[in-house]
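Below you'll find the structure, written out as structure tokens, and then a few comments.
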Amino acid sequence: MEVVIDRELMVAKVYVHAQAYSIPPTEILATLEKASGFMRRELGKRIRLQHTPELRFEWDESLAY
């Protein structure tokens, strides 16, 4: 849904939501956390930064409103 990167480009908060699936949010977030190393590595290959930000996933409740 949205990505917010801190000022130092060290941490990227990735807000996610999966309305179409009946999988519990905790399971979705756990799966994303397991894959975060792979995604960070792939992101580092595609963007040119000195440091690839750490990815932190958070559930986005904004669609509920």
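Summing charges over all other residues whose Cβ lies under 12 Å from the Cβ of HIS51, with Lys and Arg as +1 and Asp and Glu as -1, gives -1. Extension gain for ARG40-VAL16 works out to 7.0 nm (0.36 nm per residue, less the C-alpha to C-alpha distance).
What net charge is computed for the residues neighbouring ARG40, neighbours being all others with C-beta under 14 Å from the C-beta of ARG40, Lys and Arg scored +1, Asp and Glu -1?
Details: positive: LYS13, LYS34, ARG41, LYS45, ARG46, ARG56; negative: GLU33, GLU42, GLU54.
So the environment of ARG40 carries a net charge of +3.
Using only the alpha carbons of the chain, what is the convex hull's orientation-averaged projected area in square nanometres?
5.0 nm²
When ligands, DNA and RNA are left out and all protein chains stay put, how many square angstrom of accessible area per residue does the chain have with a 1.4 Å probe?
Averaged over the residues of the chain, the accessible area is 81 Å².
Looking at the chain, the DSSP beta bridges with both ends there are about 40 percent antiparallel. Protein heavy-atom surface of the chain, 1.4 angstrom probe: 55% of the accessible area is carbon and sulfur, with nucleic acids and ligands not counted.
What do you get for the angle between helix 25-46 and the principal long axis of the chain? Use alpha-carbon atoms, 0 to 90 degrees, nearest ten. On a 0 to 90 degree scale, this one is about 20. The slack between GLU54 and THR26, meaning 0.36 nm per residue of separation minus the straight C-alpha distance, is 8.1 nm.
The values are calculated or read from the model by the stated rules, or taken from the named source; none is laboratory data. For clarity, every value in this text was computed on a predicted model and none was experimentally measured. Ideal geometry is used to build each Cβ from the backbone, glycine not excepted, and the neighbour counts take in all protein chains shown. In case anyone asks, the SASA skips ligands and DNA or RNA and just uses the protein heavy atoms, side chains included. Shrake-Rupley method; radii C 1.70, N 1.55, O 1.52, S 1.80 Å.
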